[in-house]
1. Before we move on, is VAL95 within 35 Å of the chain's Cα centre (by Cα), under 30 Å from THR21 (Cβ atoms) and at pLDDT 65 or above?
2. If the Cβ limit is 6 Å and pairs must be 6+ apart or interchain, which residue in region 29-57 that is acidic (Asp, Glu) pairs with which residue that is in a helix (DSSP H, G or I)?
3. Kindly establish whether THR229 is under 18 Å from LEU136 (Cα atoms), polar (S, T, N, Q), open to solvent by 30 Å² or more (accessible area, probe 1.4 Å) and modelled with pLDDT of 85 or more.
4. Just the residues that are open to solvent by less than 40 Å² (accessible area, probe 1.4 Å) and in a loop (DSSP other than H, G, I, E, B), please, taken from region 190-215.
5. Name the residue, out of LEU135, LEU180, LEU145, LEU129, that is under 29 Å from LEU238 (Cα atoms), of a type outside the set (Asp, Glu), open to solvent by less than 90 Å² (accessible area, probe 1.4 Å) and without any contact (Cβ under 8 Å) to a residue 60 or more places away in the chain.
6. For region 4-15, which positions are of a type in the set (Ser, Thr, Tyr), within 21 Å of ASN66 (Cβ to Cβ) and loosely packed, with under 13 Cβ neighbours inside 10 Å?
7. Starting from region 183-195, take each residue that is free of Cβ contacts under 8 Å to residues at least 12 places away in the same chain and list its partners that are part of a helix (DSSP H, G or I) and surrounded by 12 or more Cβ atoms within 10 Å (Cβ to Cβ), counting only C-beta distances under 8 angstrom and pairs at least six apart or across chains.
8. I'd like to know if region 161-168 contains one or more residues that are among the aliphatic types (A, V, I, L, M), at pLDDT 90 or above and farther than 20 Å from VAL134 by Cβ.
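The values are calculated or read from the model by the stated rules, or taken from the named source; none is laboratory data. This one's a predicted model, so the numbers in the text were calculated from it and none came from an experiment. Cβ atoms come from the backbone with ideal geometry, glycine included; neighbour counts cover every protein chain shown. For accessibility, only protein heavy atoms count, side chains too; no ligands or nucleic acids. Shrake-Rupley method; radii C 1.70, N 1.55, O 1.52, S 1.80 Å.
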Amino acid sequence: MSTRTVSFIAVTISPYPQVLTFSFLQNIQKEFLLTYGDKKINFTKRPYAFIDFGATLEKFRHKYNNTRSLATRIENLSHLSQDLKIRPPFQVSEVDIQPTARHYGISEIRNTIRPTVNPNRRLIPVSWLDSLAVLLCVVCAVINLARGMSVINDGHLVTHKASPYTYGATFMTSSILWLLQIYSIFYYTKWRRRLTFVTSAWIIMSLFYTHQLRNLYQMSFHLCSACFTTYIILTRTLQQKLPDYNV
């Protein structure tokens, strides 16, 4: 039994009267729509949002499982019985819901299999250490961006063998890699661990490539920040269950 947005299904044993099953579904449908309304039903996205309806559902289930008053209820549902005789429900057999090679080709069975859709996987909430790692990434990204622009603008003052544009491009690339580390802190991807290792390795190689333009304190700060950020990313795990399931 369905409305425009909600379907109602009941599973019973074979001897259970069909008219009582449809009466049960009608009562559930009426009570559910009166309780929540179309607006709440249409705009609900959170799983198990209607779990509070379980108490009402249990009350009706207990009522219709009482075998003492089954005959009385059948007599009082004569109008519904007539409707079922005029418009009998569609009967679904076990063969209809369980395709086998006898009724379908093997290739058709394989084509009916679809991967399940999982909800977006979320990382655990951000701690103060995670916030510190983000702050270090922002500072390092800004420093590298400023140094890169400075090297390109003042290239004629650079006395090293490498081109100032090469140094500038290296600083700019390091700035982008630091921002990529921030993305890895907040979001989960399939290649997150590999991406973190590759990004950290490029940052460290860029750091040593431009060591002639840095002093010892700058080298130590960037190196410690890279190691600390990598540790934070690798230790941030996924949530076991979303906190708003209300289960």
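1. So VAL95 fits the description; yes.
2. GLU31/THR56
3. On the way: under 18 Å from LEU136 (Cα atoms): yes; polar (S, T, N, Q): yes; open to solvent by 30 Å² or more (accessible area, probe 1.4 Å): no; modelled with pLDDT of 85 or more: yes.
Taking the combined requirement at face value, the residue does not satisfy it.
4. Of everything in region 190-215, those that are open to solvent by less than 40 Å² (accessible area, probe 1.4 Å) and in a loop (DSSP other than H, G, I, E, B) turn out to be THR210, ARG214.
5. Result: LEU180 is the single residue among LEU135, LEU180, LEU145, LEU129 that is under 29 Å from LEU238 (Cα atoms), of a type outside the set (Asp, Glu), open to solvent by less than 90 Å² (accessible area, probe 1.4 Å) and without any contact (Cβ under 8 Å) to a residue 60 or more places away in the chain.
6. Within region 4-15, SER14 is the sole residue that qualifies.
7. Here the result reads THR189/LEU195, each pair linking region 183-195 to a residue that is part of a helix (DSSP H, G or I) and surrounded by 12 or more Cβ atoms within 10 Å (Cβ to Cβ).
8. In the first step, residues of region 161-168 are kept if they are among the aliphatic types (A, V, I, L, M); the result is 162.
Pick out the ones that are also at pLDDT 90 or above and you get none.
No, because not a single residue in region 161-168 is among the aliphatic types (A, V, I, L, M), at pLDDT 90 or above and farther than 20 Å from VAL134 by Cβ.
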